[in-house]
Amino acid sequence: MSYNHMGGPCPRCGSDFDSFPALSRADNKTYICSKCGTGEALYDWAYKGQQELTPVDQPVMTETEVLAEALFLAIVAPSEEKMLAAVGIAAQLWDTMPEMDIQRAKRMAEQRAKQQP
């Protein structure tokens with residue numbers, strides 16, 4: 001079942017839509033796949049809107065980078081609510097990724113956490 005209202009693949013990653021789309025934060029008019037929507041949300045949360053998103057026709061983050069960001073945000077989250085949200089996102093991705101990518105994401109998150117003041 002395709003949920004892409006525009007027809008064709010996700011403009012960010014090129015994958016087929018397998019669930020209801022997300023509205024891109026980059027332009028507030030383009031539908032993107034749910035995973036890219038999660039990537040945009042994590043990027044926006046991590047940088048608190050201080051850095052612009054890449055144009056909607058370019059990937060924001062790979063799936064491994066999204067998982068690494070979720071793990072990192074779970075470590076440094078300023079509140080329990082935000083920590084639980086990040087853990088929830090990480091858990092959803094964890095179940096769908098190869099072990100090698102999970103380990104890489106964990107290393108990326110740990111390295112970034114060590115760089116925090």
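The criterion of at least 1 residues that are at pLDDT 75 or above, among the hydroxyl-bearing types (Ser, Thr, Tyr) and closer than 21 Å to residue 115 by Cα is met, among helices (runs of 4 or more DSSP H) falling completely within the range 1-105, by 34-47, 63-76. What tally of residues in the range 87-117 results from selecting those that are closer than 19 Å to residue 35 by Cα, small (Gly, Ala, Ser) and in contact (Cβ under 8 Å) with a residue 40 or more places away in the chain? Of the residues in the range 87-117, 2 are closer than 19 Å to residue 35 by Cα, small (Gly, Ala, Ser) and in contact (Cβ under 8 Å) with a residue 40 or more places away in the chain.
The values are calculated or read from the model by the stated rules, or taken from the named source; none is laboratory data. Worth saying up front: this structure is predicted, and the values here are computed from it rather than measured. Every residue, glycine among them, receives a Cβ derived from its backbone with ideal geometry; neighbour counts consider all protein chains shown.
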